[in-house]
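Structure record follows, encoded as structure tokens.
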Amino acid sequence: FNGDLKVRIGEAVGLQPTRWSLRHSLFRKGYQLLDPYVTVSVDQVRVGQTSTKQKTNKPTYNEEFSATVTDGHEIELSVFHDTPIGYDDFVANCTLHFHDLLRSAGPSDSFEGW
């Protein structure tokens, strides 16, 4: 893919805490809320990051990111739990290949979906 990329992160639903994020919880079997944020990467190069939403497993972002892409192959969306100390905890990710997105877009020059 060559061109301008515009990504809008709307929301995430059904996020579950990882075992690692529960390591400091007193209630390991209880319900724990995350402090999630989403990163946007093209071919393993970060092009954007949302703000962190506090204490939620259903964050709403409505944030947009733009990048110029040259010979791009894939876009990755990753969700992390923001931790106060050490590395942030990985929660989930999704990788989309540009050729799959463009194939499903049809004759237009853009793709809109989730």
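The values are calculated or read from the model by the stated rules, or taken from the named source; none is laboratory data. None of the values given here were measured: they were computed from a predicted structure. Positions of Cβ are backbone-derived with ideal geometry, glycine not excepted, and every protein chain shown enters the neighbour counts. For the accessible areas, the whole protein counts, side chains as well, though only heavy atoms, and no ligand, DNA or RNA atoms are used. Shrake-Rupley method; radii C 1.70, N 1.55, O 1.52, S 1.80 Å.
Worth a mention:
- Residues within the stretch 55-64 that are open to solvent by 20 Å² or more (accessible area, probe 1.4 Å) and modelled with pLDDT of 95 or more, tallied: 5
- Checked against (1) surrounded by fewer than 18 Cβ atoms within 10 Å (Cβ to Cβ); (2) under 12 Å from the mean Cα position of the chain (by Cα); (3) modelled with pLDDT of 95 or more, Val38 passes all but condition (1).
- The stretch 34-91, residues that are of a type in the set (Gly, Ala, Ser), touching a strand residue (DSSP E or B) at 6+ places or on another chain (Cβ under 8 Å) and farther than 18 Å from Gln16 by Cβ: Ser41, Gly48, Ser51, Ser66, Ala67, Gly72
- Figure legend. Inter-residue proximity from the stretch 1-14: first residues surrounded by 16 or more Cβ atoms within 10 Å (Cβ to Cβ), second residues hydroxyl-bearing (Ser, Thr, Tyr), beta-carbon distance below 6 Å, spacing 6+ or different chains. Indicated pairs: Ile9/Thr50; Ile9/Tyr61.
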